[in-house]
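The values are calculated or read from the model by the stated rules, or taken from the named source; none is laboratory data. If you're wondering where the values come from, they're calculated on a predicted model, not measured in any experiment. When we count neighbours, we look across all protein chains shown, and the Cβ atoms used for this are built from the backbone with ideal geometry, even at glycine. Quick note on the areas: whole protein, heavy atoms, side chains included, nothing else; ligands and nucleic acids left out. Shrake-Rupley method; radii C 1.70, N 1.55, O 1.52, S 1.80 Å.
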Amino acid sequence: MHYKFEKNELYAIHLDKIDPLGKWREHFFINEEEIYMCGNSLGLKSKEASETLDEILEIWKKECVGLWNIKNNKYFNYSNNLAAKMAPLVGAMPEEVAIVGSTTSNIHQAISTLYKPTHSKFKILIDDLNFPTDKYAIDSQVQLKGLDPKDAVKLVKSRDGQFIYEDDIIDAMTDDVALVFLPLVLYSNSQILDINKVTKEAKKRNILIGWDLCHAIGAIPINFESISPDFAVWCTYKYLNGGPGSIAGLYINQRHFDKTPGLSGWFGNKNETQFQLKNQFEHEKNASGWQIGTPSLLSMAPLEGALSIFEKVGIEEIRKKSLKMTDYMMYLTDETLSKYGFTIGNPRESENRGGHVCLIHEEAYRISQVLKDSKVTVDFREPNIIRMAPVALYNSYIDVYKVIQILLDSVKNEKYKNYSNHRGLVT
Ligand SMILES: *Cc1c(COP(=O)(O)O)cnc(C)c1O
């Protein structure tokens, strides 16, 4: 879709007026004196999330250990219950989804289940732009098998230091590769990898394939029914707004249900025999069999409310608005910021970019400090990237307009020069 935007403030106000999702902003706790553009790092709290969190706190107070038995065992089966709400966001069957652990622990779980290196097929293929924890987990899984990551972890390098090219990934799928693990949307620059094509090519070569959906889930539609990868992992605190450290998602394709989980625990046991406390683990033959220990209900409860919003709005509508907002942000960047040294670091085409925009500027760090003092929350990444996510459910077009004006002010009037380049602990 190509929009004809205009540069003036009235036009931003007009865009908000005609926005069919505009009313959802009221469902979130928003400080109107600030502009939050960091939903790709930690999503805002919604009233719905607050309610389901308050509910479990009340139930704990009143019922204590009885909470496992009330409401038709809702909380005992909380992973399944939330998986049913989550499954449409990845286009999977509810049985293929578990709400469990963290992204990192789920990478360990999936890899330890599926990765069975042999003498001739033992490598794990990853890209060199992914979020570091993914590589740390893969390296340690390889080491647990007695292999050296230097031999067994194959890195697809970016040709241009900016993007990953699908053809390079496919070329690297040699006979010695056992498994491929990639991000669907790159956290650094919002690039979407062609999941259909890459998954198909991996299957052709008898290579297992898993996807990290952290920067994709809740921002772009995903359809695993047709893609049918082997596994996927994702966090729920970014675009899904599940709260800080909310429990993550794990997808295990049904063709693997018979495999024994790499990391087993009593919450992965069949419901019927779990409380018989037998010595022999009998795992549930669906994704919930990949749970390990007692679920962290307090970190799952806000997700219930947060997901109810996605059920009502629908991911297609969210994606439509997100694309329009990022288009608008790029338009304003081209029109007003490009002459002051800003370049756009994300792919421009709609089908190739996720929910955030990346601006590159050699003074990005000091500019991000100006933004901070102007009460704008963005995400700075070394060495020169400012990431901004105008989130469809709660950001407005006027938010986008104002951020661009503040960026303009910081470079045009050289405000960033009042700041030091010294980095803090969390950037
Ligand atoms: C956010 C993110 C993570 C986070 O992992 P946690 O285990 O939740 O800390 C991992 N990988 C990618 C690609 C991410 O974007």
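What the table below lists for this structure:
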{"read-out": "Selection status of residue 207, within 16 Å of the ligand (Cβ to nearest atom) and open to solvent by less than 20 Å² (accessible area, probe 1.4 Å)", "value": "no"}
{"read-out": "Unmet requirement for residue 263, which otherwise passes all of (1) hydrophobic (A, V, I, L, M, F, W, C); (2) part of a loop (DSSP other than H, G, I, E, B); (3) within 14 Å of the ligand (Cβ to nearest atom); (4) touching a helix residue (DSSP H, G or I) at 6+ places or on another chain (Cβ under 6 Å)", "value": "(3)"}
{"read-out": "Pair list, Cβ under 6 Å, 6 or more apart: the stretch 111-132 residue more than 15 Å from residue 150 (Cβ to Cβ), other residue within 15 Å of the ligand (Cβ to nearest atom) and open to solvent by 20 Å² or more (accessible area, probe 1.4 Å)", "value": "112/263; 129/188; 131/187"}
{"read-out": "Single condition residue 116 does not satisfy, out of (1) within 16 Å of the ligand (Cβ to nearest atom); (2) closer than 19 Å to residue 229 by Cα; (3) surrounded by fewer than 17 Cβ atoms within 10 Å (Cβ to Cβ)", "value": "(1)"}
{"read-out": "Residue pairs meeting the criteria (Cβ under 6 Å; at least 6 apart or on separate chains; first under 18 Å from residue 295 (Cβ atoms) and surrounded by fewer than 16 Cβ atoms within 10 Å (Cβ to Cβ), in the stretch 41-70; second polar (S, T, N, Q) and at pLDDT below 95)", "value": "none"}
{"read-out": "Out of 157, 145, 135, sole residue that is of a type in the set (Lys, Arg) and within 14 Å of the ligand (Cβ to nearest atom)", "value": "135"}
{"read-out": "Single unsatisfied condition, residue 143 versus (1) free of Cβ contacts under 8 Å to residues at least 40 places away in the same chain; (2) in contact with a Pro (Cβ under 9 Å, 6 or more places away or on another chain); (3) open to solvent by less than 50 Å² (accessible area, probe 1.4 Å)", "value": "(3)"}
{"read-out": "Residues being within 16 Å of the ligand (Cβ to nearest atom) and either surrounded by fewer than 20 Cβ atoms within 10 Å (Cβ to Cβ) or not in a helix (DSSP H, G or I) (or both) - total across the stretch 72-107", "value": "7"}
{"read-out": "Matching option when the condition is touching a strand residue (DSSP E or B) at 6+ places or on another chain (Cβ under 9 Å), among the β-branched types (Val, Ile, Thr) and assigned to a helix (DSSP H, G or I), among 309, 318", "value": "309"}
{"read-out": "Extreme residue, farthest from the ligand (Cβ to nearest atom), among residues of the stretch 35-57 that are in a helix (DSSP H, G or I) and of a type in the set (A, V, I, L, M, F, W, C)", "value": "57"}
{"read-out": "Test: residue 191 is within 16 Å of the ligand (Cβ to nearest atom) and of a type outside the set (Phe, Trp, Tyr)", "value": "yes"}
{"read-out": "Residue within the stretch 234-251 that is open to solvent by 10 Å² or more (accessible area, probe 1.4 Å), over 20 Å from residue 80 (Cα atoms) and modelled with pLDDT under 95 present", "value": "no"}
{"read-out": "Enumeration of residues in the stretch 333-375 that are hydrophobic (A, V, I, L, M, F, W, C) and over 26 Å from residue 221 (Cα atoms)", "value": "337, 342, 360, 364, 367, 370, 371"}
{"read-out": "Residue match in the stretch 364-379 (condition: part of a loop (DSSP other than H, G, I, E, B), over 30 Å from residue 165 (Cβ atoms) and open to solvent by less than 10 Å² (accessible area, probe 1.4 Å))", "value": "no"}
{"read-out": "Qualifying residue in the stretch 394-407 (condition: open to solvent by 10 Å² or more (accessible area, probe 1.4 Å) and more than 19 Å from residue 329 (Cα to Cα))", "value": "no"}
{"read-out": "Close pairs from the stretch 276-297: first without any contact (Cβ under 8 Å) to a residue 12 or more places away in the chain, partner open to solvent by 60 Å² or more (accessible area, probe 1.4 Å), Cβ under 8 Å, at least 6 apart", "value": "277/266"}
{"read-out": "Single match in 152, 172 (criterion: among the hydrophobic types (A, V, I, L, M, F, W, C), open to solvent by 10 Å² or more (accessible area, probe 1.4 Å) and more than 16 Å from the ligand (Cβ to nearest atom))", "value": "172"}
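Every residue, every condition in (1) touching a residue at least 40 places away in the same chain (Cβ under 8 Å); (2) touching a strand residue (DSSP E or B) at 6+ places or on another chain (Cβ under 8 Å); (3) among the hydrophobic types (A, V, I, L, M, F, W, C); (4) under 17 Å from residue 419 (Cα atoms), yes or no:
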{"position": "359", "(1), (2), (3), (4)": "yes, yes, yes, no"}
{"position": "365", "(1), (2), (3), (4)": "yes, yes, no, yes"}
{"position": "369", "(1), (2), (3), (4)": "yes, no, no, yes"}
{"position": "375", "(1), (2), (3), (4)": "yes, yes, no, yes"}
{"position": "378", "(1), (2), (3), (4)": "yes, yes, yes, yes"}
{"position": "384", "(1), (2), (3), (4)": "no, yes, no, yes"}
{"position": "390", "(1), (2), (3), (4)": "yes, yes, no, no"}
{"position": "394", "(1), (2), (3), (4)": "yes, yes, no, no"}
{"position": "397", "(1), (2), (3), (4)": "yes, no, no, no"}
